[in-house]
Ligand SMILES: [Zn+2]
């Protein structure tokens, strides 16, 4: 029996507002536990929530970017459940009137383009964080995260493979990054995903029983969980048994999903409108105002990188993966119009240095003008690429102009015939056995001798002239 997978995603994206959704507490990641909490986010009796305007604007912006229909009115509801990370014993979310409905993202799959429908997008508050210490048999709770604004993006079950889910999530992540509404750091929990997966026989039009896998926080975990769950459900169906509607969790150590709870009723959260938060009219004026702030979206930039600059799919995606890098690339292009050369420097040497020095593109000392000056020095034969890479490192750390570095360190290429002839003669004298090898027909030693001569000039010899001298000297000595 052949089966098809139907996968729907519920993606939580933490918004990067500096304040929480209903109070003024700071949202910085990594602060001392419980140092960023107050009466409101701790749910103390009598504390009243005050809605963050910025969080609503961010959610509307996301809704517009995801092609959603933005609702005229939105309201907040209480989702009741009892858990230690939820001090009020209910979470404030949007159940009856979310910010937006009926949108989509177009993704590229190996079978061509595919539209993934988005059912809804709503705004809600995050819960606190439990820190389990099994060795001491205790669990600690940190409420710094409680009340941080989240958007939840819920798709229709339009995805069929783990790869498609990954492509969708990467695209959604990029959109949020380019909108500037979240840092989308999966490792810090700013982007988390629940996966709904059901299996059914290939020709059936209906979806099978839905199993939910909660709180996946890496692309790898998502992929592994989907693959595992597909196999598990397939085995059950092949045996003729039925799938239980339940919520499961991914155990990364054992590489398997485990049952958390059965879902006997679809809705056991006793949703009720929050009496402390009024229904809000969003209105065309506000939507229009926000849509004017819409930046260029990654899909458009990707198209330009591919079509206008003729970059490969891999290069375009790499540049695009860091918004500041893509911006720097285009700023450099205004100065130096060789896209591929620029792309190689930025995605190669620059990214390596960024990683090495643990910094980010925003804080680097390199300007597009400096990068252009360096590349022109290579084009004019003033320095070799090898030297240029050294200068680039110096520029990166010192912020000095390349001309200054080349001058101070005397890095300009040696093109003087006499100097290079002297170097060549010395090398030939010191490597007599290689010279005899060359005479015996082993042409390979040429590159060894070139290397020796280069070393003597600290890599500054003009390779074309040097090679000319070297071959002519070798051929002379032959006859
Ligand atoms: Zn607070």
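Between residue 293 and residue 24, what is 0.36 nm times their sequence separation minus the Cα-Cα distance? Round to one decimal in nm.
Working: separation 269, 0.36 × 269 = 96.84 nm, distance 2.47 nm.
Length difference between fully extended and current span is 94.4 nm.
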Just grab the label-to-label distance for residue 207 and residue 188, each label 7 Å out from Cα along the Cβ direction, in nm (one decimal). 3.3 nm
Gap in Å between the Cα centre of segment 128-160 and the Cα centre of segment 33-97? 15 Å
For 100-113, 322-335, ranked highest to lowest by mean beta-carbon neighbours within 10 Å, the order is 322-335, 100-113
Against the longest principal axis of the chain, how steep is helix 385-398, in degrees 0 to 90 to the nearest 10, with axes from Cα atoms? 50 degrees
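What percent do you get for the relative contact order of the chain when only Cα pairs under 8 Å and 6+ apart count?
Dividing the mean separation by the residue count of the chain yields 14 percent.
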Mean Cβ count within 10 Å, highest first, over the residues of peptides 461-473, 4-16, 22-34: 4-16, 461-473, 22-34
Could you work out Rg/(2.2 N^0.38 Å) for segment 43-192, with Rg from alpha carbons only? 1.17
Per-residue ellipticity at 222 nm attributable to helices in the chain (runs of n ≥ 4 DSSP H, -39500 (n - 2.57) apiece, nearest 500 deg cm²/dmol) works out to -12000 deg cm²/dmol
Calculated P(r) tail over 28 Å for the chain, as whole % of Cα pairs: 65 percent
Mind ordering 207-216, 415-424 by average Cβ neighbours within 10 Å, highest first? 207-216, 415-424
Can you give the Rg/Rh ratio of segment 370-479, where Rg is from the C-alpha atoms and Rh is the Kirkwood radius? 1.08
Restricting to Cα pairs below 8 Å that are 6+ residues apart, what does the relative contact order work out to for segment 1-97? Please round to a whole percent. 20 percent
Gap separating the Cα centres of segment 279-358 and segment 401-479, nearest whole Å: 42 Å
If you fit an axis through the alpha-carbon atoms of helix 417-430 and take the longest principal axis of the Cα set of the chain, what angle between them do you get, 0 to 90°, nearest 10? 90 degrees
Helix 463-478: angle to the longest alpha-carbon principal axis of the chain, degrees 0 to 90, nearest 10? 40 degrees
Between residue 331 and residue 115, how high is the FRET efficiency from 1/(1 + (r/R0)^6) when r is the Cβ-Cβ distance and R₀ = 30 Å? Nearest 0.05. 0.35
Ranked on Cβ counts within 10 Å of their own Cβ, fewest leading, 95, 73 go 73, 95
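Give the order of 439, 262, 372 when sorted by the count of other beta carbons within 10 angstrom, beginning with the fewest. List each step's numbers first, then the result.
Numbers: 439 14, 262 10, 372 19.
Listing 439, 262, 372 from fewest to most nearby Cβ atoms yields 262, 439, 372.
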Compactness check, segment 417-478: C-alpha Rg relative to the 2.2 N^0.38 Å globular estimate gives 0.99
Please compute the volume of the convex hull spanned by the alpha-carbon atoms of segment 3-288 and report it per residue in Å³. 144 Å³
Per 0.36 nm of contour for each residue apart, how much would the distance between residue 284 and residue 47 grow if the chain were fully extended, relative to their Cα-Cα spacing? 82.1 nm
Using Cα-only point scatterers and the Debye equation, what is log10 of I(q)/I(0) for segment 1-83 at each q in 0.15, 0.16 Å⁻¹, rounded to two decimals? -0.78, -0.86
Zone of residue 407 (label point 7 Å along Cα→Cβ, backbone N under 19 Å): which residues in segment 354-371? 367, 369-371
Return a whole-number percent for the relative contact order of segment 3-288, with Cα pairs under 8 Å and 6 or more residues apart as the contact set. 24 percent
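Rule-based calculations on the coordinates, nothing more; no lab input. Keep in mind the model is a prediction, meaning the values are calculated, not measured. Positions of Cβ are backbone-derived with ideal geometry, glycine not excepted, and every protein chain shown enters the neighbour counts.
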